[in-house]
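The values are calculated or read from the model by the stated rules, or taken from the named source; none is laboratory data. Computed from a predicted structure; not experimentally measured. FYI the Cβ positions are ideal-geometry reconstructions off the backbone, even for glycines, and counts take in every protein chain you see. The accessibility values were calculated without ligands, DNA or RNA, using every heavy atom of the protein model including side chains. Shrake-Rupley method; radii C 1.70, N 1.55, O 1.52, S 1.80 Å.
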Amino acid sequence: MNVKSALALSNALDRPALIVDRAGTVRACTHVMRETLGFDETKSRGATLHSLVIDSAASVDRLLRRAASTGDPLPGRLSFRQEEDSSLQCRVYASRIPPDLVQGEKLMLLRCERPEDSTASNSFAVLNSKIDQLGREIARRRQTEAIQDAETALLGAIADGATLPSAMSAIVKVADADRPAVRTVILPLDLVRRRILEPVGLHIPAAFTKRVRRTKLGPEAGPVWRAASAGQLEVVADFDSDEMLKGIASDQPAEAARRCWVTPVLDSQHQALAVLIVHGELAEEPSPGDLIWMANFVRLAQIAIERHSAVVEREALIEEARAAQYKAEAMNRAKDEFLAMLGHELRNPLAAINTSALGLRAQNGRQESSESLIGIILRQGDHLRSIVSDLLDVARVSSGQFVIKRSDVELGSIISGCVEDTIRNLEGLQRHIEVATELVWVSGDPVRIEQVATNLLENAVKYTPEHGSIWVTLEAEGDEAVLRIRDDGVGLQADFLTKAFDLFSQGPQKIDRGGGGLGIGLTLVKKVVEMHGGRVAAKSAGSNRGSEFEVRLPRIQEPGSTDTPALTTTDAAQKRRSVLLVEDDDDVRMAMRALLEAWGNDVSEMADGLSGLEFAMTYEPDLILVDIGLPGLDGYEFAREYRKRIGEQGATLVAVTGYGHPEDRARALGAGFDSHLVKPISADELRAVLDQQRR
């Protein structure tokens with residue numbers, strides 16, 4: 001509302017009135033005033049009140065000062081100049097016009113009446129009441145509009161990526177501008193870690209911020225904790241008397257300006273997100289209007305925090321999805337490389353086996369050439385068996401079925417044996433291997449530990465060029481056994497060191513893939529070592545500067561010596577046995593029979609379970625090798641039926657299968673088998689079974 005609007009309100013009451021500023025300059029004059037007192041509008045507008053009356057300047061100034069200090073009508077008397085040097089004495093009621101009605105200007109309303117007009121006081125009171133009511137309504141609307149504008153700006157800032165502190169600062173600025181006599185502070189809360197975060201406000205003392213940051217969100221946080229935990233307003237009579245709020249003001253306010261209201265900012269689940277603190281010249285208790293005012297800014301703070309949390313959560317989800325996509329793409333690339341390498345690794349031994357078999361057929365009995373080709377077949381067969389075993393081990397690790405069978409193990413003998421086997425298998429390759437071991441004991445699975453050492457040694461041989469060197473050391477360091485295998489070969493690039501133990505991870509490969517593997521060996525090494533409570537690490541100074549793998553396992557004290565009879569293996573060829581082979585694959589059955597007969601055994605063969613069971617019942621062999629996946633009567637049914645008929649005094653039953661999980665072994669033993677062998681079977685495994693038969 002402008003001056004004309006205020007004047008229109010006065011005109012509507014049909015009473016004489018003037019609107020003047022603090023200096024007494026006339027800003028407006030009602031038409032009744034002009035008619036009653038004979039004023040000329042053009043002459044009165046812009047004139048001073050001092051020039052319109054005959055009263056002294058001091059009395060006029062005193063009336064204006066008093067009117068400027070209150071909204072209530074103050075009675076007084078003024079004598080207005082008339083024509084021919086006459087004057088008209090009037091009763092005057094003066095009061096301040098609410099600034100919101102006149103765009104912030106400091107103006108006074110002077111209501112003038114003749115002394116005989118008894119209705120002047122009442123009509124003036126009505127006018128002031130209406131003006132005050134209108135002023136309050138305009139102020140409320142302006143406050144609502146300001147808050148709405150602040151909310152719109154706040155949401156836009158959040159959408160544009162504004163930080164939470166900047167959004168909070170915008171809220172505080174609006175609140176402080178709306179009520180200059182008070183100051184607003186927002187304390188964001190972290191309920192999970194019970195912390196008060198960085199306070200937000202204008203001119204907050206550094207000492208207060210420091211104290212807030214080190215105060216735990218609990219009873220020691222005083223009114224902040226009470227408001228947050230109870231979800232209700234806390235009124236503090238003097239913030240300087242409270243340990244938590246002391247020094248919140250940048251100056252030293254008087255006692256009347258040290259009141260403080262603390263109200264919580266709650267989410268939809270009534271959990272405290274922050275507290276809003278208002279301090280300054282406040283009433284002892286907030287009025288309904290004060291509560292509404294605070295509620296508006298509490299709502300803005302809630303919106304800011306929840307929108308910010310939503311943005312952070314969304315960004316985290318996007319980043320998580322991006323990381324998952326990157327990981328999936330990397331795994332997909334690794335899978336493709338793995339499949340390519342698997343094809344390469346399988347084709348080579350298969351080609352060698354196939355070519356060697358063709359060569360054997362063409363030898364026509366030339367013994368020397370036949371032995372060479374047989375050696376190729378055996379080596380490549382072992383290579384294929386190793387590949388399949390690693391693949392099965394990876395599957396067991398991934399499914400949590402990888403089993404460690406612990407015993408007290410002297411680690412030095414295992415490492416020395418692995419080195420000897422490696423040297424024996426160099427096949428003419430020129431590598432210099434040095435080994436130095438101490439007597440070190442660990443609690444572990446000797447088979448799996450040997451697998452770790454063999455894998456690392458084979459890698460060292462594979463990635464070390466001709467005439468290169470490999471150093472193997474085993475020593476005790478404190479409570480750990482430390483195995484180090486170092487070479488001066490091709491080394492590892494820095495970016496590969498971080499993922500060397502990841503499944504399917506491989507360094508850069510040449511077109512012939514001659515130095516590559518399947519990318520699963522080091523994964524198995526890491527898993528086996530960790531299952532023993534140890535750790536493994538790779539080191540390298542870079543390409544062509546060698547590499548070192550270090551394995552650390554928990555060390556134990558040397559067990560007490562006991563007289564344990566040495567295990568001996570009787571040469572399978574020295575004892576003739578009757579063996580029944582039940583296998584439906586013709587090639588496997590024929591090859592197995594040839595091997596067993598070459599060792600001096602009497603071998604019978606059957607291609608299905610029913611025929612095999614009837615043969616076993618009739619001829620009572622010493623050893624029965626049974627495939628699990630048989631037609632008609634499978635291997636499990638064969639074993640159960642055989643034990644049912646013969647009992648435990650019958651032949652040694654050995655399951656021969658491609659199923660190698662621990663539950664497969666348990667199922668076979670539960671069905672009545674004495675042993676469980678996984679295809680392809682090594683010669684050592686088969687000899688061990690022959691030596692341990694029942695009868």
Pairs with Cβ under 7 Å, 6+ apart, first in the range 436-454 and farther than 19 Å from Ile423 by Cβ, second among the basic types (Lys, Arg) and outside any loop (DSSP other than H, G, I, E, B)
Val440/Arg555; Trp441/Arg555; Val442/Arg555
Looking at the range 429-447, is at least one residue closer than 19 Å to Leu522 by Cα, open to solvent by 20 Å² or more (accessible area, probe 1.4 Å) and assigned to a helix (DSSP H, G or I)?
yes
Residues of the range 209-253 being in a helix (DSSP H, G or I), closer than 17 Å to Val182 by Cβ and at pLDDT below 90, in sequence order, are Phe239, Asp240
Taking only the range 455-477 into account, find how many residues are modelled with pLDDT of 90 or more and of a type in the set (S, T, N, Q).
2
Test for His308: is it surrounded by 12 or more Cβ atoms within 10 Å (Cβ to Cβ) and either assigned to a helix (DSSP H, G or I) or free of Cβ contacts under 8 Å to residues at least 12 places away in the same chain (or both):
yes
So Pro115 clears everything in (1) at pLDDT 65 or above; (2) within 25 Å of Ala23 (Cα to Cα); (3) over 60 Å from the mean Cα position of the chain (by Cα); (4) not hydrophobic (A, V, I, L, M, F, W, C) except one condition, right? Which one?
(2)
Filter result (open to solvent by less than 10 Å² (accessible area, probe 1.4 Å) and either touching a His at 6+ places or on another chain (Cβ under 9 Å) or among the aromatic types (Phe, Trp, Tyr) (or both)) within the range 196-230
Phe208
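Residues in the range 412-420: is at least one of a type in the set (Val, Ile, Thr) and at pLDDT below 80? Please lay out each step first, then the result.
Of the range 412-420, the ones of a type in the set (Val, Ile, Thr) are 414-415, 419.
Applying the additional criterion that residues be at pLDDT below 80 yields none.
The answer is no; no qualifying residue exists.
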Between a first residue in the range 472-499 that is basic (Lys, Arg) and a second residue that is open to solvent by less than 30 Å² (accessible area, probe 1.4 Å) and not in a loop (DSSP other than H, G, I, E, B), which pairs have beta carbons less than 7 Å apart while being 6 or more apart in sequence or on different chains?
Arg484/Glu550
From the list Ala316, Ala323, Ala334, Ala295, which one is touching a strand residue (DSSP E or B) at 6+ places or on another chain (Cβ under 9 Å), open to solvent by less than 80 Å² (accessible area, probe 1.4 Å) and either at pLDDT below 85 or in a helix (DSSP H, G or I) (or both)?
Ala295
So, in the range 52-86, of the ones that are among the aliphatic types (A, V, I, L, M) and at pLDDT below 85, which residue ends up nearest to the chain's Cα centre (by Cα)?
Ala68
Among the numbered criteria (1) over 24 Å from Ile303 (Cβ atoms); (2) of a type outside the set (A, V, I, L, M, F, W, C); (3) surrounded by 22 or more Cβ atoms within 10 Å (Cβ to Cβ), which single criterion is violated by Thr184?
(1)
Hey, any hits in the range 263-277 for a residue that's open to solvent by less than 10 Å² (accessible area, probe 1.4 Å) and part of a loop (DSSP other than H, G, I, E, B)?
no
